[in-house]
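The values are calculated or read from the model by the stated rules, or taken from the named source; none is laboratory data. All figures in this text were calculated on a predicted structure; none of them were measured in a lab. Reconstructed Cβ throughout: ideal geometry from the backbone, glycine too, with neighbour counts over all protein chains shown.
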Amino acid sequence: MIGAGAVGVSCALQLAKRGVRVTVIDRGPVGGGTSHGNAGAILRAASPVAGPDVIAALPRMLLDPKSPLSIRWRYLPRLTPWLMRFLNESRPSRVRRNADAIWQLGAGAVDAWRAQVRGTAAEDMLRPVGWLKVYESEASFEAARPGLERYRARGTAVEYFDRDSLRQLEPNLAPLFARGALHADALFALNPRRVVEICADAARALGVTFRQAEVSDAHADDTHGTVTLADGERLTADRLVLACGAWSKGLAKRLGASIPLDTERGYHLMFETPERGLNRPVVWEDKGFVLCPMAHGLRMTSQVELAGVEAPPDFRRIERLLPLARRMLPSLAGEPTDRWLGYRPSTPDSVPVVGVSPRARAALFAFGHQHYGLSLAARTGEVIADMALDRPTGVDESVLSPSRYG
């Protein structure tokens, strides 16, 4: 297993539960990458990023210094092939197909997490408080309603709130918002990294070995997979699972698949917990940021920055949103206690890459979960474990497969 984030740890744990001996390798600590800094949401996900509404809003967002989207223009030549595919995936017919594909994992995402943490210390860290979106006006809510109704049509519990009932739900929010929409069956991880660490402890108890080391190369055929570490050590196993998020593209190519993977960089700021805080994560949909009442402080997350994994962080854009965050939650005071940049591994169609390499059946891929890495991790682990053992997975494997890229 290459990768010790939420997805890799979940895959390892599910394999161990099925009696498989697993070694997990990551250059960083368990849960220390993108799994560490997210908004903590565990949703029954089914929303691709690409769509006609996003394309229509692109010019405005790129020109607005406070919008949640930015591109490092020096990165544009490398990004262009990915962007062209993204544009193609924005056609309505493709959006519907991609939503159905994400739903293959999203339908069981919450149940999979409940099962994965049952009986562990992480069980109490996944709170059934939902995921709340708020809207400044009736017009912005009505613009979002079709997408919310699509979730309802899939059986997701989405509850609507007017101004008064929203104040009852979140009394410390400023009275700015005309409407709200609550994904009521969503879970909230109070400390995502700690949840992943606890799952890793459960995996260790079942015999999983974790090693902190750099993987420099990987090879596989139809019967075995081999990784080479930076110090020259080679490890061979019957199956190799690639689950290292935004860093998966190069190794995937070595394992027989050319995947159009790039990164949607995201930022967060941490604050001391306000005296009058929030009961759950709240998304200001019109402005594109989230306030999350984590176990160790209030987290503000925002941004889709297209700049790859090598560019240095630029916190100016998220810091420009601070006055809006203070308007939203008047009790938010003080300066940030921490700043963070993470890398969402994203495909142009927003569909995770979960399946067997088209040219090496001993290699399995589990990456590309974009904004839903935490949400879909446990269900991905179940699917990968069953794939590795040639058992029925309960999903349409073809729509998740790396083979969809040829």
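Look at (1) surrounded by fewer than 20 Cβ atoms within 10 Å (Cβ to Cβ); (2) modelled with pLDDT of 95 or more and you find that TRP247 fails only one, number (1). Could you list, in sequence order, the residues of segment 383-392 that are under 24 Å from GLU197 (Cβ atoms) and surrounded by fewer than 24 Cβ atoms within 10 Å (Cβ to Cβ)? Hit for segment 383-392 is ALA388, nothing else.
Is it the case that some residue within segment 279-297 is at pLDDT 95 or above, within 21 Å of PRO352 (Cα to Cα) and within 15 Å of the chain's Cα centre (by Cα)? Checking segment 279-297: not a single residue is at pLDDT 95 or above, within 21 Å of PRO352 (Cα to Cα) and within 15 Å of the chain's Cα centre (by Cα). Within segment 37-88, the set of residues being part of a loop (DSSP other than H, G, I, E, B), of a type in the set (Ser, Thr, Tyr) and under 18 Å from ARG265 (Cβ atoms) comprises just one member, SER67.
Among all residues of segment 23-31, there is none that is outside the structural domain of LEU132 (by TED's automatic domain parsing), of a type outside the set (Val, Ile, Thr) and free of Cβ contacts under 8 Å to residues at least 40 places away in the same chain. Scanning segment 119-150 for residues that are out of contact with any Leu (no Cβ under 7 Å at 6 or more places or on another chain), loosely packed, with under 15 Cβ neighbours inside 10 Å, of a type outside the set (A, V, I, L, M) and under 17 Å from PHE188 (Cβ atoms) gives GLU123, ASP124.
In this structure, ALA213 does satisfy being under 17 Å from ARG27 (Cβ atoms), surrounded by fewer than 23 Cβ atoms within 10 Å (Cβ to Cβ) and under 26 Å from the mean Cα position of the chain (by Cα). Filtering segment 37-65 to residues that are touching a Leu at 6+ places or on another chain (Cβ under 6 Å) and surrounded by fewer than 18 Cβ atoms within 10 Å (Cβ to Cβ) leaves only MET61. Reported count of residues in segment 300-329, each being out of contact with any Phe, Trp or Tyr (no Cβ under 8 Å at 6 or more places or on another chain) and either of a type in the set (Lys, Arg) or not in a loop (DSSP other than H, G, I, E, B) (or both), is 8. Selection over segment 222-242 of residues that are closer than 17 Å to ILE384 by Cα and surrounded by 11 or more Cβ atoms within 10 Å (Cβ to Cβ) gives a count of 9. Contact annotation: residue pairs with Cβ atoms under 8 Å, 6 or more positions apart or on different chains, pairing a residue in segment 323-342 that is farther than 18 Å from LEU278 by Cβ and at pLDDT 95 or above with a partner that is surrounded by 17 or more Cβ atoms within 10 Å (Cβ to Cβ) and hydroxyl-bearing (Ser, Thr, Tyr), are ARG339/TYR267; TRP340/TYR267; LEU341/TYR267; GLY342/THR34; GLY342/TYR267. Filter segment 61-82 for residues that are free of Cβ contacts under 8 Å to residues at least 24 places away in the same chain and of a type in the set (A, V, I, L, M, F, W, C); which is farthest from LYS249 (Cα to Cα)? Among residues in segment 61-82 that are free of Cβ contacts under 8 Å to residues at least 24 places away in the same chain and of a type in the set (A, V, I, L, M, F, W, C), the one farthest from LYS249 (Cα to Cα) is LEU63. Of the strands (runs of 3 or more DSSP E) lying entirely inside segment 229-285, those containing at least 2 residues that are in the same structural domain as GLN370 (by TED's automatic domain parsing), out of contact with any Lys or Arg (no Cβ under 8 Å at 6 or more places or on another chain) and touching a residue at least 40 places away in the same chain (Cβ under 8 Å) span 234-237, 240-242.
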